[in-house]
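Peer 1: Quick one: the structure is below, questions incoming.
The values are calculated or read from the model by the stated rules, or taken from the named source; none is laboratory data. Treat the numbers as computed from the prediction; the structure is a model and nothing was measured. Virtual Cβ from ideal backbone geometry, glycine too; neighbours counted across all protein chains shown. Only protein heavy atoms, including side chains, enter the accessible area calculation; ligands, DNA and RNA are left aside. Shrake-Rupley method; radii C 1.70, N 1.55, O 1.52, S 1.80 Å.
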Amino acid sequence: MIKVGIVGGTGYTGVELLRLLAQHPQAEVAVITSRSEAGVAVADMYPNLRGHYDGLAFSVPDSKALAACDVVFFATPHGVAHALAGELLAAGTKVIDLSADFRLQDAVEWGKWYGQPHGAPELLKDAVYGLPEVNREKIRQARLIAVPGCYPTATQLGLLPLLEAGLADPSRLIADCKSGVSGAGRGAAVGSLFCEAGESMKAYAVKGHRHLPEISQGLRQAAGKDIGLTFVPHLTPMIRGIHATLYATVADTSVDLQALFEKRYANEPFVDVMPAGSHPETRSVRGANVCRIAVHRPQGGDLVVVLSVIDNLVKGASGQAVQNLNILFGLDERMGLSHAGLLP
């Protein structure tokens, strides 16, 4: 049994991690921390977990207790894992970080986008970017895993086949993405209030979103050269879900794109390439660790449109974290993650 610790278990990614691990036959949550909720029983804060974590309560972070675990998940705001990750790694504990702390390989670039100096640049050489569809073999040997963000997951999975095959013009990529409100986190904010977000949709961070350098880093690696990406996120009046509409131009219009995508993801358990002409819906992946993709070439021209949908809290966060856990510990990658999406 894998002994699990969770730092920052009171947010949406934290409770989603608890929900998924409750179904995992090889993982046991031994420690869960929250400074603000120390002493509160997990089941009292999240009644949906009653009967699954009886006796487990939030505690103040304690490095010794966490270091006694086999693996520690960080479901925290950026900057928190910087302070604790090194100590845990030195004790031999694996770290799976759901925050942005180790996603970017350039510490200076990280500081530019996150408004503070990187707190553990010496650990970046050990950090493996946890997108299984790209880095599965590196994940198997990792000590420190940086779980990708939600927008980056949907966008990269949608564009990878085109860039890896050298088909798309890497200088002219567009990601038009929509997210549910849970992507903003559980903290109180005016823009996340029901009266503000309901019955409305808006773009935000058009000048530059923090996920932009992460997406660019992954697409640059896939293309093997510099890329030009326009990324525009939108807030939509739903709780969960990411819908990424991705645009790329191709010079060779004779390639069977449907076959290309199906071949690229043929052995990927959590990427579903839908039949030609499909339009995947976010509700089809709600609660599931699945990315559903459809590829189109409108009017037979040189513009390719890829539709990519995920649940931002599952494949875009906690589900992908558990997928990394399974790979890291040599388990069936699907363990604890095989459930279907929720409909209606």
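Peer 1: Does Arg297 satisfy the criteria of being in contact with an Asp or Glu (Cβ under 9 Å, 6 or more places away or on another chain), over 23 Å from Lys3 (Cβ atoms) and of a type outside the set (A, V, I, L, M, F, W, C)?
Peer 2: Values: in contact with an Asp or Glu (Cβ under 9 Å, 6 or more places away or on another chain): no; over 23 Å from Lys3 (Cβ atoms): yes; of a type outside the set (A, V, I, L, M, F, W, C): yes.
When the stated conditions are applied, Arg297 does not pass them.
Peer 1: Follow-up. In the range 197-210, what count of residues is obtained for those that are surrounded by 17 or more Cβ atoms within 10 Å (Cβ to Cβ) and either in a loop (DSSP other than H, G, I, E, B) or not small (Gly, Ala, Ser) (or both)? Give the derivation first.
Peer 2: Step one: list which residues in the range 197-210 are surrounded by 17 or more Cβ atoms within 10 Å (Cβ to Cβ), which gives 197, 209-210.
From what is left, the residues that are either in a loop (DSSP other than H, G, I, E, B) or not small (Gly, Ala, Ser) (or both) are 209-210.
So the count comes out to 2.
Peer 1: How many residues are within 16 Å of Leu160 (Cα to Cα) and under 18 Å from the mean Cα position of the chain (by Cα) when one looks only at the range 223-264?
Peer 2: The qualifying residues number 4.
Peer 1: I would also like to ask the following. Would you check if Thr253 is of a type in the set (Ser, Thr, Tyr), out of contact with any Cys (no Cβ under 6 Å at 6 or more places or on another chain) and loosely packed, with under 15 Cβ neighbours inside 10 Å? Explain how you work it out, then say what you get.
Peer 2: Numbers: of a type in the set (Ser, Thr, Tyr): yes; out of contact with any Cys (no Cβ under 6 Å at 6 or more places or on another chain): yes; loosely packed, with under 15 Cβ neighbours inside 10 Å: yes.
Against the criterion (of a type in the set (Ser, Thr, Tyr), out of contact with any Cys (no Cβ under 6 Å at 6 or more places or on another chain) and loosely packed, with under 15 Cβ neighbours inside 10 Å), Thr253 qualifies.
Peer 1: Hey, another quick one. Quick one: how many residues across the range 311-344 are small (Gly, Ala, Ser) and surrounded by 24 or more Cβ atoms within 10 Å (Cβ to Cβ)? Step through it out loud before you land on a result.
Peer 2: Looking only at the range 311-344, we keep the residues that are small (Gly, Ala, Ser), and these are 316-319, 321, 330, 336, 338, 340-341.
Now restrict to residues that are surrounded by 24 or more Cβ atoms within 10 Å (Cβ to Cβ): 316-319, 321.
Residues that pass the stated criteria total 5.
Peer 1: Would you confirm, using the coordinates I've provided, whether Glu214 is of a type in the set (D, E, K, R), on the phi < 0 side of the Ramachandran plot and open to solvent by 30 Å² or more (accessible area, probe 1.4 Å)? I'd like the intermediate steps shown before the answer.
Peer 2: Numbers: of a type in the set (D, E, K, R): yes; on the phi < 0 side of the Ramachandran plot: yes; open to solvent by 30 Å² or more (accessible area, probe 1.4 Å): no.
Against the criterion (of a type in the set (D, E, K, R), on the phi < 0 side of the Ramachandran plot and open to solvent by 30 Å² or more (accessible area, probe 1.4 Å)), Glu214 does not qualify.
Peer 1: Which residues, taken from the range 108-136, are in contact with an Asp or Glu (Cβ under 8 Å, 6 or more places away or on another chain) and of a type in the set (Asp, Glu)?
Peer 2: Once the filter is applied, which keeps residues that are in contact with an Asp or Glu (Cβ under 8 Å, 6 or more places away or on another chain) and of a type in the set (Asp, Glu), the range 108-136 yields only Glu133.
Peer 1: Restricted to the range 256-273, and to residues that are open to solvent by less than 40 Å² (accessible area, probe 1.4 Å) and of a type in the set (A, V, I, L, M), which residue is farthest from Ile327 (Cα to Cα)? Walk me through it before giving the result.
Peer 2: Of the residues in the range 256-273, the ones open to solvent by less than 40 Å² (accessible area, probe 1.4 Å) are 257-258, 261, 265, 268, 270-271, 273.
Next, only the ones that are of a type in the set (A, V, I, L, M) stay: 257, 271, 273.
Working: Leu257: 29, Val271: 16, Val273: 22 Å.
Across the range 256-273, the extreme among qualifying residues is Leu257.
Peer 1: While we're on this one: Of all helices (runs of 4 or more DSSP H) completely enclosed by the range 36-131, which ones contain at least 3 residues that are open to solvent by less than 20 Å² (accessible area, probe 1.4 Å) and of a type in the set (A, V, I, L, M, F, W, C)? Write out each step before concluding.
Peer 2: Values: elements: 42-45, 63-67, 80-90, 107-114.
Once the helices (runs of 4 or more DSSP H) in the range 36-131 are filtered for at least 3 residues that are open to solvent by less than 20 Å² (accessible area, probe 1.4 Å) and of a type in the set (A, V, I, L, M, F, W, C), what remains is 80-90.
Peer 1: Among (1) in a loop (DSSP other than H, G, I, E, B); (2) touching a Pro at 6+ places or on another chain (Cβ under 7 Å), there is one condition Arg186 misses while meeting the rest; what is its number?
Peer 2: (2)
Peer 1: Mind counting the residues in the range 164-180 that are of a type outside the set (Lys, Arg) and part of a loop (DSSP other than H, G, I, E, B)?
Peer 2: Residues of the range 164-180 that are of a type outside the set (Lys, Arg), as a first pass: 164-171, 173-177, 179-180.
Filter once more, keeping what is part of a loop (DSSP other than H, G, I, E, B): 165-167, 169-171, 180.
Number satisfying all stated conditions: 7.
Each row is one residue, and each column tells you yes or no for (1) open to solvent by less than 10 Å² (accessible area, probe 1.4 Å); (2) more than 17 Å from Val305 (Cα to Cα).
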site	(1), (2)
Leu157	yes, no
Ser179	yes, yes
Gly191	no, yes
Cys195	no, yes
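Peer 1: Residues that are over 14 Å from Ile6 (Cα atoms) and in contact (Cβ under 8 Å) with a residue 24 or more places away in the chain: does the range 58-74 have at least one?
Peer 2: Initial filter on the range 58-74 (over 14 Å from Ile6 (Cα atoms)): none.
No, every residue in the range 58-74 fails to be over 14 Å from Ile6 (Cα atoms) and in contact (Cβ under 8 Å) with a residue 24 or more places away in the chain.
Peer 1: Considering only the range 1-35, state which residues are within 12 Å of Pro61 (Cβ to Cβ), open to solvent by 50 Å² or more (accessible area, probe 1.4 Å) and modelled with pLDDT of 95 or more. Reasoning before the result, please.
Peer 2: Here is the first cut: in the range 1-35, the ones within 12 Å of Pro61 (Cβ to Cβ) are 5-9, 31-35.
With open to solvent by 50 Å² or more (accessible area, probe 1.4 Å) added as a condition, the list becomes 35.
None - no residue of the range 1-35 is within 12 Å of Pro61 (Cβ to Cβ), open to solvent by 50 Å² or more (accessible area, probe 1.4 Å) and modelled with pLDDT of 95 or more, so the list stays empty.
Peer 1: May I pose another question? Please go through (1) on the phi < 0 side of the Ramachandran plot; (2) free of Cβ contacts under 8 Å to residues at least 24 places away in the same chain for Asn48 and return the number of the only condition it doesn't satisfy.
Peer 2: (2)
Peer 1: Test Ala223 against the stated conditions and say whether it is among the hydrophobic types (A, V, I, L, M, F, W, C), open to solvent by 10 Å² or more (accessible area, probe 1.4 Å) and touching a Leu at 6+ places or on another chain (Cβ under 6 Å).
Peer 2: On the way: among the hydrophobic types (A, V, I, L, M, F, W, C): yes; open to solvent by 10 Å² or more (accessible area, probe 1.4 Å): yes; touching a Leu at 6+ places or on another chain (Cβ under 6 Å): yes.
Yes; evaluated as a whole, the condition is true for this residue.
Peer 1: Related question: Filter the range 1-35 down to the residues that are aliphatic (A, V, I, L, M) and assigned to a helix (DSSP H, G or I), then identify the one that is nearest to the chain's Cα centre (by Cα).
Peer 2: If we filter the range 1-35 for residues that are aliphatic (A, V, I, L, M), which is where we start, we get 1-2, 4, 6-7, 15, 17-18, 20-22, 27, 29-32.
Narrowing further to those that are assigned to a helix (DSSP H, G or I): 15, 17-18, 20-21.
Details: Val15: 15, Leu17: 12, Leu18: 16, Leu20: 15, Leu21: 16 Å.
Restricting to residues being aliphatic (A, V, I, L, M) and assigned to a helix (DSSP H, G or I), the top hit is Leu17.
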